[in-house]
Amino acid sequence: MTSHISLTTDFNVMRWDEATSCLRLLDQTRLPAHIVILNCQTVQDVRDAIVKLAVRGAPAIGIAAAYGVCLSFNPAEGLSFADAKRRVETAIEHLATSRPTAVNLFWALDRMRTVSHRTSDADLMHTELLSEAKKIHVQDQRLCDLIGQEGAKRLGDAKRFLTHCNAGALATGGAGTALAPLYELHRQGVTIEVFADETRPLLQGSRLTAWELSRAGIPVTIITDSMAGSVLRDGKVDAVIVGADRITARGDVANKIGTYPLAVLAHYHGVPFFVAAPHSTFDLSMVAGSEIPIEERNASEISGIAGWTEGENTPRVLNPAFDVTPAELVTAIITDLGVIESPDEERVRLVLQTTHEATPK
């Protein structure tokens, strides 16, 4: 099994505090300059943390939301079962409005809703909700390990990688998705190096990916998003590997904005383009990438960088958080259930149909 990187043992990215019954989150908006832990004591605290990107990355959002449901009521309140269940359903509905693109959010909340329907006792329901949230958290650690193992085998002789955004330990319950194979190669003693796209406008690549890779002792070079084409043209990269927030039945991939042009560039330069994600990131109810809802973030994330303030002459801003890469640009999707080569609907469904039998609990 993959050894978890030092980041996850130095401190907890996300942890349920038994003593205070609250969710403790590493505030990723403050990295790399400051390590700040948020104590989320209410459903609203968790939703706010998700919206403002204090916790981000599709798997981590799902885990945080699951714990958030547990904050909907405290057994010590002595609520009736009907009132407790009403609180839980309200929490699920509220957390579901936090970010629309990452399907792991809805996958985790559906699991919590199913648990809430199992009992007719408020105290027992809370116990089972917390148990399920912890299972989701532990399961994601295992899924990351499996992705790391599958990816390390599939990446072959590649030693130089290009990443976009952050799909490492900060984005998951374990060692990451796109970064998990790189951590596994590093653990095996393979010498690798990584180019990390800055990832405009919020710099998740330069602030987060570069930070955690550096902590793990993996050489990393930060580049601006616009440098990727030149780096690929100059033969400095053996493979591109990214994460995903939602993958359709035919293998179209929604990921951080800027992923699609990176896939086009990789295709043009003959560099393999890999996507790494757990089975929970697939949404088989959607076939085409055009069906995926794309989150539009606040304009200030872009205009603020340039120094614009709101006013009559302020230019309009387009700020989608994600774009969609068509399956034909994807070399393979690395999952916890296996590698989907040249993804299409038949290959995706073939691998995903084993989900219930193969998913570690």
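The values are calculated or read from the model by the stated rules, or taken from the named source; none is laboratory data. This is a predicted model, so every value here is computed, not measured. In this analysis, Cβ positions are derived from the backbone assuming ideal geometry, glycine residues included, and neighbour counts consider all displayed protein chains.
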Seminar exercise, completed: Listed by first then second residue, the pairs whose first member lies in segment 92-113 and is closer than 21 Å to ILE294 by Cβ, whose partner is part of a helix (DSSP H, G or I) and among the aromatic types (Phe, Trp, Tyr), with beta carbons under 9 Å and at least 6 positions apart or on separate chains, are ALA96/PHE106
Exercise. Which one is surrounded by the most Cβ atoms within 10 Å (Cβ to Cβ) among residues in segment 189-213 that are touching a helix residue (DSSP H, G or I) at 6+ places or on another chain (Cβ under 9 Å) and part of a strand (DSSP E or B)?
Worked result: ASP197
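Does MET112 satisfy the criteria of being of a type in the set (A, V, I, L, M), assigned to a helix (DSSP H, G or I), in the same structural domain as ASP17 (by TED's automatic domain parsing) and farther than 21 Å from VAL51 by Cα?
no
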For this session: Output the number of the condition that ASP245 fails; it satisfies all remaining conditions of (1) in contact with a Phe, Trp or Tyr (Cβ under 9 Å, 6 or more places away or on another chain); (2) farther than 27 Å from GLN141 by Cα; (3) touching a residue at least 60 places away in the same chain (Cβ under 8 Å); (4) not aromatic (Phe, Trp, Tyr).
Result: (2)
Exercise. Which of the following residues is assigned by TED's automatic domain parsing to the domain that holds VAL348 and crowded, with 20+ Cβ neighbours inside 10 Å: GLY243, GLY235?
Worked result: GLY243
For this session: Considering each of ALA228, ALA180 in turn, give the residue that is closer than 24 Å to GLU301 by Cα and surrounded by 21 or more Cβ atoms within 10 Å (Cβ to Cβ).
Result: ALA228
Problem set entry | Long-range neighbours under 9 Å by Cβ, at least six apart or interchain, first residue farther than 13 Å from ALA96 by Cβ within segment 44-73, second surrounded by fewer than 24 Cβ atoms within 10 Å (Cβ to Cβ) and among the aromatic types (Phe, Trp, Tyr) | TYR67/TRP16; CYS70/TRP16
For this session: Look through segment 214-237, keep the residues that are of a type in the set (Ser, Thr, Tyr) and either in contact (Cβ under 8 Å) with a residue 40 or more places away in the chain or not in a helix (DSSP H, G or I) (or both), and return whichever of them is nearest to THR199 (Cα to Cα).
Result: THR224
